[in-house]
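Chemist: Take this structure, written in structure tokens, and hold onto it; I'll ask about it next.
The values are calculated or read from the model by the stated rules, or taken from the named source; none is laboratory data. Given the structure is predicted, the values throughout are model-derived calculations rather than measurements. Neighbour counts run over all protein chains shown; Cβ positions are idealised from the backbone, glycine included.
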Amino acid sequence: MEKGRRSGNRTLLLTGDGKGKTTSALGMVLRAVGHGLRVSVIQFVKGRKDTGEVRGLAYLPGVEVHVCGLGFVRPGQGGVGSTHAAAARAGLQKAAAALRDPACGMVVLDEVCGAVALGLLEAQAVAEALDAAAPGKVVVMTGRDACDELVGRADTVSRVTEVRHGLTGGWPAQAGVEW
């Protein structure tokens, strides 16, 4: 029997260099709300509260959003002592509380894989939060460069691969598409 099935929790992980990881997770949020689940979305790394996704989620009943990042970080820019790392750890505390809350049916850890890859969070700390989750939880983790520890904990893993991106073709970042 799989890890998730033993604990009664379902864990999905969306990683890769392509566009659409968060968008896919938010599609699952929409489905969860349609079934009456309460959802908590914790955004690591991302620091903007004026995005279309944050604004749109505010219209959905039973969805709480915590934008916990301070903005995107380049590799080598973060580190455990940085303000970005402190923000990520605060986000992980919010995530751990949502994971323990039996009333919360789904928890989305948006960009958590990237936060681990950038050294803002330890994979072990994320694993401990997952291990302490109340039974019956759906957990969705997203972000580039998912480490083996998080991939190994997921029941479903999807890798989003970029074939072509409009930004490299000259399209500027667009409201409703990139943010």
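Chemist: Among A86, A96, which is under 15 Å from the mean Cα position of the chain (by Cα), of a type outside the set (S, T, N, Q) and under 26 Å from A123 (Cβ atoms)?
Modeler: One residue alone meets the criteria, A96.
Chemist: Does any residue in the range 146-174 that is on the phi < 0 side of the Ramachandran plot and small (G, A, S) come within less than 7 Å, Cβ to Cβ, of a residue that is modelled with pLDDT under 90 and in a loop (DSSP other than H, G, I, E, B) six or more places away or on a different chain, and which pairs are these?
Modeler: A173/L167; A173/W179
Chemist: Among the residues of the range 139-175, how many are within 9 Å of T15 (Cβ to Cβ) and of a type in the set (D, E)?
Modeler: 1
Chemist: Among the residues of the range 140-158, what is the count of those that are closer than 22 Å to G119 by Cβ and either surrounded by 22 or more Cβ atoms within 10 Å (Cβ to Cβ) or of a type in the set (D, E, K, R) (or both)?
Modeler: Summing the residues that are closer than 22 Å to G119 by Cβ and either surrounded by 22 or more Cβ atoms within 10 Å (Cβ to Cβ) or of a type in the set (D, E, K, R) (or both) in the range 140-158 gives 11.
Chemist: Which is at pLDDT below 95, surrounded by 20 or more Cβ atoms within 10 Å (Cβ to Cβ) and not aromatic (F, W, Y), of K21, K46, K3?
Modeler: K46
Chemist: I would also like to ask the following. Scan the helices (runs of 4 or more DSSP H) fully inside the range 1-75 and keep the ones with 3 or more residues being over 17 Å from A97 (Cα atoms) and in contact (Cβ under 8 Å) with a residue 60 or more places away in the chain.
Modeler: 3-7, 21-34
Chemist: For the range 103-119, which residues satisfy the criterion of being surrounded by 24 or more Cβ atoms within 10 Å (Cβ to Cβ), modelled with pLDDT of 95 or more and among the hydrophobic types (A, V, I, L, M, F, W, C)?
Modeler: M106, V107, V108, L109, V112, C113, A115, V116
Chemist: Go through A85, A129, A98, A103 for me and flag whichever is assigned to a helix (DSSP H, G or I) and touching a residue at least 40 places away in the same chain (Cβ under 8 Å).
Modeler: Just a single option satisfies the conditions, and that option is A98.
Chemist: Select, from R55, R38, the only residue that is under 11 Å from M106 (Cβ atoms), at pLDDT 95 or above and out of contact with any His (no Cβ under 9 Å at 6 or more places or on another chain).
Modeler: Of the residues listed, the single one that is under 11 Å from M106 (Cβ atoms), at pLDDT 95 or above and out of contact with any His (no Cβ under 9 Å at 6 or more places or on another chain) is R38.
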